[in-house]
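Inspection log for the structure reproduced underneath, given as structure tokens.
The values are calculated or read from the model by the stated rules, or taken from the named source; none is laboratory data. This structure is a prediction, so every number in the text was calculated from the model and none was measured. All Cβ positions, even for glycine, are placed from backbone atoms using ideal geometry, and neighbour counts span all protein chains on display.
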């Protein structure tokens, strides 16, 4: 029996342009997650990811809400963070400090 763990910390990013958001949507699609709205969640291979993109505020919040117990949140959030950073840099977006 596979056991799951509780949610990881939510990650929030700003200055997420529509082009950077589409980069993330494409990355997700390449990994089996179909994002068809600005808010939702999806489960693939035991990982559940929730997202909320605010186009007018250009912010996105991402959170792994469920995952196999063997995979630590630090690894999951590092993967999410590096993916977001790639999409932002590919679209010439610099992160502003979140206060």
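Results, tabulated for the structure shown:
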| quantity | calculated |
| --- | --- |
| The one condition in (1) surrounded by 12 or more Cβ atoms within 10 Å (Cβ to Cβ); (2) modelled with pLDDT of 90 or more; (3) touching a helix residue (DSSP H, G or I) at 6+ places or on another chain (Cβ under 8 Å) that residue 9 fails to fulfil | (1) |
| Residue list for segment 1-21, restricted to those being under 12 Å from the mean Cα position of the chain (by Cα) and in a strand (DSSP E or B) | 11, 12, 13 |
| Filter result for the condition that a residue is assigned to a loop (DSSP other than H, G, I, E, B) and either free of Cβ contacts under 8 Å to residues at least 40 places away in the same chain or out of contact with any helix residue (DSSP H, G or I) (no Cβ under 6 Å at 6 or more places or on another chain) (or both), over 40, 32 | 32 |
| Tally of residues being at pLDDT below 95 and over 20 Å from residue 85 (Cβ atoms) across segment 12-41 | 3 |
| Answer residue from segment 72-93, given it is outside any helix (DSSP H, G or I) and free of Cβ contacts under 8 Å to residues at least 12 places away in the same chain and is surrounded by the fewest Cβ atoms within 10 Å (Cβ to Cβ) among those | 92 |
| Looking only at segment 50-65, and only at residues there that are within 13 Å of the chain's Cα centre (by Cα) and touching a residue at least 40 places away in the same chain (Cβ under 8 Å), the one that is farthest from residue 6 (Cα to Cα) | 59 |
| Flag for residue 24 being touching a strand residue (DSSP E or B) at 6+ places or on another chain (Cβ under 9 Å), in a strand (DSSP E or B) and surrounded by 12 or more Cβ atoms within 10 Å (Cβ to Cβ) | no |
| For residue 45: the one exception among (1) loosely packed, with under 13 Cβ neighbours inside 10 Å; (2) under 10 Å from the mean Cα position of the chain (by Cα) | (2) |
| Residues of segment 53-65 satisfying the condition of being within 15 Å of residue 18 (Cβ to Cβ) and outside any loop (DSSP other than H, G, I, E, B) | 53, 54, 59, 60 |
